[in-house]
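A short worksheet on the structure shown next.
The values are calculated or read from the model by the stated rules, or taken from the named source; none is laboratory data. Because the structure is predicted, anything quoted here is derived from the model rather than measured. Heads up, the Cβs are rebuilt from the backbone with ideal geometry, glycines too, and the neighbour counts pull from every protein chain shown.
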Amino acid sequence: MIEQLSLKKNIIKYDPESISLSIEDILEKRFENGEFIINGWFEDLHDPYMLKDMDKAVERIKLAYQKGERVMIFWDYDVDWVTSTSILMHFFKKIWLDASYRLPHRIKDWYWLKKYFIDEMVSLSVDLVVTVDCWTKDLDVISHAKNLWIDVIITDHHAVPDIISEDAIAVINPKRDDCNYMYKHLAWAWVAFKLVQALVYHFMDKDEAERYLKSTIDIAAIWTVADCMRLTWENRIIVQEWLKQIKNSRSQWIKKLIQEKINDDLDADIFWFLIWPRLNAAWRMDTPYKAVNLILNNWDSVDKTISEIEKLNEKRKYFTKEFVTDALNKVNTENNIIFYVSPAIEHWIIWIVAWRLTEQFYKPSIVLKDEWDKLVASCRSPDYFSIVDILTKYKDYFIAFWWHKQAAGFTITKEKFAEFKTNILKEVNSLDFLNYKKEIIVDKVVSLDDLGFSLLNKMNKYKPFWLWNEKPVFMIKNLDYEKLEFLWNWRDHLRFITKYRFKIFAFFMWEFYEEIKKSKKSVNLVFDLSEDTWMGHKNLMLKVIDIILE
């Protein structure tokens, strides 16, 4: 195995002998693990009643339907809550259940269910609350609801605390220790779908129920990808199923968003690059109600809403570029942890800037919005380091603290920030980060003769590609190019012009333009392969992951 340092300062590992291996042999090995299935079927989905408390939740919702009670879905404003709420509301409207939804204000209320929301629901004659992705640990709030004769069904997929509420009617969470559900890696929208899967046969006959479920997996599939869940077992089945039927989708809004990209080479990343950013822009820059209305009101003003969301998405991209560029130019990268503070940055963008800094420098990063007397932070860390573990040691500094996987956030007063920063820099700088570099493993070294639709077709038999079944990574050595230019007006992306009949795009690699131009016109490209359709013409597209200059 050969190792080389890339332009992005990654370690590229490749075996020159892999040029003789077939792509089928390489990909087949991934499916030797029992979690993987090459082709699954909708009928292979697990019984939703295997989820602990599912039976209790179903019986309580049936009772609400029979008694004509009012049901409130409580959700926060991120995209996973948007998609999850849409799944439940679509079904509740379908069966004529008296249901509505409520979300907190992004600034005034922040996240999670609170006692004053329960008080408000009493005044609205709500009988049953179904929480969407609200944390299983909300004990006091659930007890408050019970004392006011409001029942609560908790649905969640986060890590489960030592104590869960005994006052809730049901706590549905696949990560519960006493839950026998066979697959634990469910995105929340998929938990919502499982609740509908359990309910639907009580309100429809078998054939109608199955048609309904198959026609509504789109939202669960979108968020399974957007929430970066592994595409194994059930997650793989629903994404696979949705890609089969996307051309005939009942969801007009999805078809309109991706109409130019509907082709035979569709893969899971269409959710990530085309659908999720637009739903994300709606809640981050305006209101999540806009995104929910787009999903639920499938025929009403869909074009108008999409036009509004497209404008928000363009605005999101503009401000993202501005602040990412500013951060890249200003941060001190000599420390093991990167800080960036700005009074002008918006809440909705701090996590993007933190993510881009960590991606760029492969170090943990903390990005903060300066707000008068306090600072609000979003934090990211690479896979070799836990930002959550470090921040937990300093939680006494924070007004608020929240976390998820390799990410976290906190609010801190200005008077405490300088001391906090000094202490955390001292601790993290004492660690040895010098040897940590991101490794990219090349699956197959290819020659120019290998690059054709035949290779792409063989590879695509193993779709969908996403986490835990990523697209195969290829490498071509000493590729001659005639010209390097910026792609489109944004100048974020690069394009290599060659004499060969395929397109080569290097997305978000604008900062390497001058360095590449100064080198000889031959590069080692690390890339993945896809199909690009433009004006009815199909071409191979090499999407550059990294570059090695000899």
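Structure notes:
- Against the conditions (1) over 20 Å from T131 (Cβ atoms); (2) more than 17 Å from the chain's Cα centre (by Cα); (3) part of a helix (DSSP H, G or I); (4) aliphatic (A, V, I, L, M), A221 satisfies every one except (2).
- Taking the criterion of being surrounded by 18 or more Cβ atoms within 10 Å (Cβ to Cβ) and at pLDDT below 90, the residues of segment 184-198 that qualify are H185, L186, A187, W188, A189, W190, V191, A192.
- Qualifying residue in segment 461-481 (condition: modelled with pLDDT of 90 or more, farther than 30 Å from D25 by Cβ and in contact with a strand residue (DSSP E or B) (Cβ under 8 Å, 6 or more places away or on another chain)): yes
- Some residue of segment 447-454 being touching a residue at least 60 places away in the same chain (Cβ under 8 Å), closer than 27 Å to F271 by Cβ and hydroxyl-bearing (S, T, Y): no
- Residue within segment 399-419 that is among the aromatic types (F, W, Y), under 19 Å from the mean Cα position of the chain (by Cα) and either on the phi < 0 side of the Ramachandran plot or modelled with pLDDT under 90 (or both) present: yes
- On the stretch given as segment 432-460, residues that are within 19 Å of S18 (Cβ to Cβ) and either of a type outside the set (G, A, S) or touching a Gly at 6+ places or on another chain (Cβ under 7 Å) (or both) total 16.
- Residue pairs whose Cβ atoms lie under 6 Å apart, separated by 6 or more positions or on different chains, with the first residue in segment 393-404 and without any contact (Cβ under 8 Å) to a residue 24 or more places away in the chain and the second part of a helix (DSSP H, G or I), are Y397/K416; Y397/F420; F401/K395; W403/V388.
- The listed residue being over 31 Å from the mean Cα position of the chain (by Cα), at pLDDT below 90 and surrounded by fewer than 19 Cβ atoms within 10 Å (Cβ to Cβ), out of D432, D449: D449
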